[in-house]
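K.L.:
Quick one: structure below, then a few questions.
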Amino acid sequence: MAAPFASEVEVRFRHCDPAGIVFYPRYFEMINDFVEEWFDKGMDLPFHALHVERQIGTPLVSVQCDFCAPSRWHEKLRQELTVQRIGGASFSAAVRFLGPDGATRLAAALTIVTVDLRNMRSTPLPDDLRQRMQAFLTTG
């Protein structure tokens, strides 16, 4: 099985509600930042190059998310991403955020599609993107 792309994020004050825990919509911003980091650092394909230079967008078209335990201000969370499926114009990924104790705080299933930004229609995954994703593809 492929190793996940992993990173660390610190829970900031701006992520939290008055109870001092991550306000759930902020997790979606954190997921988006993490996916962008994966493109940039994990696959060496920066969003800027893909979106601006190549005119290929990567919108999230489906997300299923489980909030397993609260995360608190100033905690450092381990983020992990694995690719579950690579299709013709889309791919599915699993994302987990783990607390300092290793317990899952968030588990999400994402479906992302590639679109031609000139006409906003789906377009086949570019070959170089497909090849780079293979390193994160889980088997079974």
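K.L.:
With (1) farther than 23 Å from D127 by Cα; (2) touching a residue at least 60 places away in the same chain (Cβ under 8 Å) as the list, and G20 as the residue in question, which single condition is left unmet?
P.N.:
(2)
K.L.:
Give Q131, Q84 a once-over and let me know the one that is free of Cβ contacts under 8 Å to residues at least 60 places away in the same chain and part of a helix (DSSP H, G or I).
P.N.:
Values: Q84 fails: part of a helix (DSSP H, G or I).
The match here is Q131.
K.L.:
Which one is farthest from F39 (Cα to Cα), of the residues in the stretch 72-101 that are out of contact with any strand residue (DSSP E or B) (no Cβ under 8 Å at 6 or more places or on another chain) and open to solvent by 40 Å² or more (accessible area, probe 1.4 Å)? Give the derivation first.
P.N.:
Initially, the stretch 72-101 is screened for residues out of contact with any strand residue (DSSP E or B) (no Cβ under 8 Å at 6 or more places or on another chain), giving 87-88, 101.
Of the ones still in play, those that are also open to solvent by 40 Å² or more (accessible area, probe 1.4 Å) are 88, 101.
Details: G88: 18, D101: 27 Å.
Ranking the candidates gives D101 first.
K.L.:
Would you be able to say whether some residue in the stretch 108-119 is part of a loop (DSSP other than H, G, I, E, B), without any contact (Cβ under 8 Å) to a residue 24 or more places away in the chain and more than 19 Å from D17 (Cβ to Cβ)?
P.N.:
Initial filter on the stretch 108-119 (part of a loop (DSSP other than H, G, I, E, B)): 114, 117-119.
Those still in the list that are without any contact (Cβ under 8 Å) to a residue 24 or more places away in the chain too: 119.
Narrowing further to those that are more than 19 Å from D17 (Cβ to Cβ): 119.
Yes: one or more hits.
K.L.:
Please go through the stretch 69-82 and pick out each residue that is touching a Ser or Thr at 6+ places or on another chain (Cβ under 7 Å) and more than 15 Å from Y27 (Cβ to Cβ).
P.N.:
Within the stretch 69-82, just T82 meets the criteria.
K.L.:
If the requirement is being of a type in the set (D, E) and either modelled with pLDDT under 95 or on the phi > 0 side of the Ramachandran plot (or both), which of these qualifies: D44, D33?
P.N.:
Values: D33 fails: either modelled with pLDDT under 95 or on the phi > 0 side of the Ramachandran plot (or both).
Only one candidate passes the filter, namely D44.
K.L.:
Tally the residues that are of a type in the set (A, V, I, L, M), under 14 Å from F5 (Cα atoms) and free of Cβ contacts under 8 Å to residues at least 12 places away in the same chain, restricting the search to the stretch 29-81.
P.N.:
0
K.L.:
Select, from E36, E53, E75, E29, the only residue that is of a type in the set (D, E, K, R) and closer than 22 Å to R121 by Cβ.
P.N.:
Unique residue meeting the criteria: E53.
K.L.:
Is one or more of the residues making up the stretch 31-38 under 19 Å from L106 (Cβ atoms) and out of contact with any strand residue (DSSP E or B) (no Cβ under 8 Å at 6 or more places or on another chain)? Step through it out loud before you land on a result.
P.N.:
First, the residues of the stretch 31-38 that are under 19 Å from L106 (Cβ atoms): 31-38.
Those left that are additionally out of contact with any strand residue (DSSP E or B) (no Cβ under 8 Å at 6 or more places or on another chain): 36.
Yes: the stretch 31-38 contains one or more residues that are under 19 Å from L106 (Cβ atoms) and out of contact with any strand residue (DSSP E or B) (no Cβ under 8 Å at 6 or more places or on another chain).
K.L.:
I've got another one for you. Kindly indicate the residue of the stretch 4-22 that is within 17 Å of Q79 (Cα to Cα) and in contact with a helix residue (DSSP H, G or I) (Cβ under 8 Å, 6 or more places away or on another chain) and also most open to solvent (accessible area, probe 1.4 Å) among those meeting that condition.
P.N.:
Top of the filtered list is P4.
The values are calculated or read from the model by the stated rules, or taken from the named source; none is laboratory data. What you see is a predicted model, and the numbers here were worked out from it, not measured in a lab. Ideal geometry is used to build each Cβ from the backbone, glycine not excepted, and the neighbour counts take in all protein chains shown. To get the accessible areas, we keep the full protein, side chains included, count just its heavy atoms, and leave off ligands, DNA and RNA. Shrake-Rupley method; radii C 1.70, N 1.55, O 1.52, S 1.80 Å.
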